[in-house]
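The values are calculated or read from the model by the stated rules, or taken from the named source; none is laboratory data. Note that the coordinates shown come from a computational prediction; the quantities given were computed from them, not determined experimentally. Neighbour counts run over all protein chains shown; Cβ positions are idealised from the backbone, glycine included.
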Amino acid sequence: MEFTTVDNLAEHRAAARQWVERHVRTEWAWEQYTSGTHHTPELHTQLAKDGILGAGWPVEYGGSTTDPGFARAVLDAISDMGLYADGWATTNMVIRTIRQVGTENQKESIIADALRGEVLIALGYSEPDSGSDVAAAKTRAVRDGDEWVITGQKMFTSTAQSCSHVFVLARTNLDVPKHKGLTMFLVPTDADGFELQPIYTLGGQRTNATFYADVRISDAMRIGAVDEGWRVMRVALVYERGGGRGSKGPTLAERVAVWAMSTDRSDGGTYYDDPRTKERLARIAIDDEVARLFAMRVRWMNDIGELPGVEGSMAKLFFSEADQRHYSELVDMLGSAGVLQPGVAAAPLEGELEHYFRSTVVGTIYGGASEIQREIIAEGRLGLPRNRPKE
Amino acid sequence: MDLSYSDEQQDLRESLASFFSKESTVERVRAAEPSGFDAELWSGISAMGLPTMGVPEDLGGGGASPLDLVLTAEEFGKWIPPAPLIESMVANNLLARLATSESSDLAKQLLARSVAGEALFSLAIRPLVEGMARLVPGGAVADAVLACDANEVIVFRSAAGPRSPLEVPANLGTAPLADRGAGVDERDVVATGPEAVAAYEIARHEWQLLMAGAMVGLAQTALEKGAEYVQQRRAFGVLIAWFQTVQHRLADGVTSIEGARLLTYEAGWAAEQGLTNAGALAEMAFLFSTEAAFRVAADSLHLHGGYGYTLEYDIQLYFRRAKAWPLANGDPRDGYQSLAARLFEHEER
């Protein structure tokens, strides 16, 4: 047993920082915050141009010779600047899935276009009536010769406003149990009958409802076999878990502690002088370490070829619940100034805590709500009876 | 990272589980109340060399690493044996440290008795009050108690040599607590100076680390008792295990136990490696595990319904100890203050 953590990317960090200094403009983070679009086209183009998107991919699918370690370090450095690259995150998930289950033609065209930065893909799983129960999707796809006709509505199709395609989960068979009648498609966002309406969220991110009114697409845009969509989507979900949180800078607790020690409160002392602040920060530091260990355990299991099912659920449940608790506590600590938002000069810590208080709300809901994770844990770890009705 | 147990660690866990499952049955645990000490069990523990397993081999001990001690504490917690094993392991390790680094003859003499299985030692976790160590865990049955007084590490022991156990005040954890020191014992200096005090501080963190391990084990058993009960008890025509509110509570419990276990193992590994943040991790593991264990034990008791608060059911044994044992370290909220100082104020770690 050992707990060493090595930064595999240490040798690339300096070069990655240089890349970011040369190409990333500081105002982009603010633009993303005010627009709610967690994608910056200019940045994406540059990432493609320098082979960062294509790093590690085979040349026949449009891969580059850029060092994959350098590429990951650049993406970490971008995230450290407070910039999102959500469009690439979802696109990457989908093209990795295509690599597993797609046709050779799809690999050579779609993957290559994505690595060139010309194809950007949003996820179309959730619907107005189905979220965590994603297999209950009602959007229909009906075959018509070499084409499919797609009809329905998707919710939370985030970043679709910037994307060329949506990866749509659709029902192709009504006569079988719900998990067995699904198929995945790549729907171009410029297709006739495709429409999108913005949805603005508590954390500031803009997401979308997307509508599909008899959208006709070629069978070449079907990803994986007909009625195998559930399996295809599960491949994609495995890739969703891999997401990291940037490189190892100071922790949240450390950053807030530094701020609290150097910031006077109206009662004369600093925020840090208050024992309640110390307890809050100590609790956050402990939870963060536990969350880090849960995430490390998932990676370790992947590395040794075990499937982290229950362990993935525990990592997600603990992290997302702790995250919400932490920002709620930290906003409390700020008292009346806790409500001030980014952009307000008087906002403590540039409004970061208020912003994350709103944006972490999503964590216990998306990617399987906490209740789903608890069911998986109760059944998988304790052998308690499965509550969800069998199909 | 590698979370697998080595073959030796696996053997250790299995042999401890086999020993405690025979020698620390619930009947024995109950029979030892209220004093919380079973002399026959202690002889068995002693014969296995557990109290000195962390002492270096050249001093007659088992040479086990801090991580092995954590695994031992975890098994201990699962079976809540009525014996102050954790305190005695920590006290013996402190004696070994003082015997080596301070060349303390008294430490060597005391340790030799412990290695020979002739004496039981404990440690005062809290600062002395008017020359007394208050409510020392294992204090009622310890032949000697180590403590820190200003810049001295001292030992309290009876002038009359080994003697019968002191009277145990009725207490929540039914542990053999007692005040030791002025008026009860003779006081001798084991070692003096900053190095000696630093060795005592390491011992305090080792106690926190092993208590974290014990709490992980205790919580695991408490959770299993709850999970077992809900799969037997019916209400409204179904097993109560079907209710989501029951399942989710247990899922939160097992998640916090596994988090506590990971953190405690990491702290044990850091101590084994001599890392600078080992003390901070021990404190973190202690705070997280004790809170998790109490929550789990309380939830598990609650899921037993009315039976949970009868003395006949075993869950109350775990509930009481989950709260009582860690309190030897004082108010946990003070622990968060001291952890913050350690993490953010860059004091000596």
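Residues checked against (1) within 14 Å of chain B (Cβ to nearest Cβ); (2) assigned to a loop (DSSP other than H, G, I, E, B); (3) under 20 Å from residue A:342 (Cβ atoms); (4) among the β-branched types (Val, Ile, Thr):
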residue	(1), (2), (3), (4)
A:17	no, no, no, no
A:21	no, no, no, no
A:29	no, no, yes, no
A:38	no, yes, yes, no
A:42	no, no, no, no
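Identify all residues within the range A:317-338 that are within 14 Å of chain B (Cβ to nearest Cβ), among the charged types (D, E, K, R) and in contact with a Gly (Cβ under 9 Å, 6 or more places away or on another chain); write none if there are none. Listed by number, the list holds a single entry, A:321. With (1) on the phi < 0 side of the Ramachandran plot; (2) outside the structural domain of residue A:194 (by TED's automatic domain parsing) as the list, and residue A:82 as the residue in question, which single condition is left unmet? All conditions are met except number (1).
Per the listing B:271, B:280, B:297, the residue uniquely at pLDDT 95 or above, in contact with a Lys or Arg (Cβ under 9 Å, 6 or more places away or on another chain) and over 20 Å from residue B:78 (Cβ atoms) is B:280. Condition check: more than 14 Å from every other protein chain (Cβ to nearest Cβ) and either in a helix (DSSP H, G or I) or under 17 Å from residue A:286 (Cβ atoms) (or both). Does residue B:191 satisfy that? For residue B:191, the condition - more than 14 Å from every other protein chain (Cβ to nearest Cβ) and either in a helix (DSSP H, G or I) or under 17 Å from residue A:286 (Cβ atoms) (or both) - is not met. Only one entry of B:7, B:2 meets the criterion of being touching a strand residue (DSSP E or B) at 6+ places or on another chain (Cβ under 7 Å) and within 14 Å of another protein chain (Cβ to nearest Cβ), and that entry is B:2. Among the conditions (1) under 20 Å from the mean Cα position of the chain (by Cα); (2) at pLDDT 95 or above; (3) part of a loop (DSSP other than H, G, I, E, B), the only one that residue A:51 does not satisfy is (1).
Taking the stated definitions as given, is residue A:242 at pLDDT below 85 and either assigned by TED's automatic domain parsing to the domain that holds residue A:132 or among the small types (Gly, Ala, Ser) (or both)?
On the way: at pLDDT below 85: yes; either assigned by TED's automatic domain parsing to the domain that holds residue A:132 or among the small types (Gly, Ala, Ser) (or both): yes.
Answer is yes for this residue.
Among A:314, A:296, which is within 14 Å of chain B (Cβ to nearest Cβ), surrounded by fewer than 19 Cβ atoms within 10 Å (Cβ to Cβ) and touching a residue at least 24 places away in the same chain (Cβ under 8 Å)? Only one candidate qualifies: A:296.
If you go through the range A:299-311 and keep only what is assigned to a helix (DSSP H, G or I) and more than 12 Å from chain B (Cβ to nearest Cβ), you end up with just A:309. A residue that is within 30 Å of residue A:1 (Cβ to Cβ), assigned to a helix (DSSP H, G or I), among the basic types (Lys, Arg) and away from chain A (no Cβ under 12 Å) occurs somewhere in the range B:293-305. When the range B:17-50 is filtered for residues that are over 22 Å from residue B:142 (Cβ atoms) and within 17 Å of the chain's Cα centre (by Cα), only B:17 remains.
How do the pairs read when you match residues in the range A:263-283 that are in contact (Cβ under 8 Å) with a residue 12 or more places away in the chain with residues anywhere that are surrounded by fewer than 16 Cβ atoms within 10 Å (Cβ to Cβ) and hydrophobic (A, V, I, L, M, F, W, C), using Cβ under 8 Å and keeping only pairs 6 or more apart or on different chains? Taking only residues 6 or more apart or on different chains, the pairs are A:271/A:261; A:272/A:261. Taking the range A:98-130, which residues are in contact with a Lys or Arg (Cβ under 7 Å, 6 or more places away or on another chain) and under 20 Å from residue A:367 (Cβ atoms)? Result: A:124, A:126, A:127, A:129.
Collect the residues in the range A:347-387 that are outside any helix (DSSP H, G or I), buried (at least 20 other Cβ atoms within 10 Å of the Cβ) and in contact with a Ser or Thr (Cβ under 9 Å, 6 or more places away or on another chain), keeping them in residue-number order.
A:368
Residue-level analysis places residue B:217 outside the set of residues that are at negative phi and either among the aliphatic types (A, V, I, L, M) or within 14 Å of chain A (Cβ to nearest Cβ) (or both).
So, in the range A:249-289, of the ones that are charged (D, E, K, R) and more than 9 Å from every other protein chain (Cβ to nearest Cβ), which residue ends up farthest from residue A:76 (Cα to Cα)?
A:267
The combined condition, being under 23 Å from residue B:268 (Cβ atoms), of a type outside the set (Gly, Ala, Ser), surrounded by 22 or more Cβ atoms within 10 Å (Cβ to Cβ) and at pLDDT 95 or above, is not fulfilled by residue B:59. Residue A:186 fulfils the conditions (1) in a strand (DSSP E or B); (2) on the phi < 0 side of the Ramachandran plot; (3) in contact with a Gly (Cβ under 9 Å, 6 or more places away or on another chain) except for a single criterion, (3). Filtered by the rule that a residue be hydrophobic (A, V, I, L, M, F, W, C) and either under 23 Å from residue A:287 (Cα atoms) or more than 7 Å from chain A (Cβ to nearest Cβ) (or both), the range B:240-266 gives B:240, B:243, B:246, B:250, B:251, B:254, B:257, B:260, B:262, B:263. What number of residues in the range A:346-390 are in contact (Cβ under 8 Å) with a residue 12 or more places away in the chain, on the phi > 0 side of the Ramachandran plot and within 14 Å of chain B (Cβ to nearest Cβ)? Count: 1. Out of B:199, B:241, B:212, one residue alone is buried (at least 23 other Cβ atoms within 10 Å of the Cβ) and over 29 Å from residue A:297 (Cα atoms). It is B:199. Tell me, yes or no, whether the range B:280-292 has at least one residue that is surrounded by fewer than 16 Cβ atoms within 10 Å (Cβ to Cβ) and either within 14 Å of chain A (Cβ to nearest Cβ) or in a helix (DSSP H, G or I) (or both). No, the range B:280-292 contains no residue that is surrounded by fewer than 16 Cβ atoms within 10 Å (Cβ to Cβ) and either within 14 Å of chain A (Cβ to nearest Cβ) or in a helix (DSSP H, G or I) (or both). Residue check: is residue A:68 in the same structural domain as residue A:116 (by TED's automatic domain parsing) and under 14 Å from residue A:162 (Cβ atoms)? Judged against the criteria, residue A:68 is not a match. Scanning the range B:306-344 for residues that are under 22 Å from residue A:280 (Cβ atoms), part of a loop (DSSP other than H, G, I, E, B) and more than 12 Å from chain A (Cβ to nearest Cβ) yields one hit, B:330. For the range B:153-196, taking the residues that are surrounded by fewer than 17 Cβ atoms within 10 Å (Cβ to Cβ) and of a type in the set (Ser, Thr, Tyr), the one that is nearest to residue B:36 (Cα to Cα) is identified as B:164.
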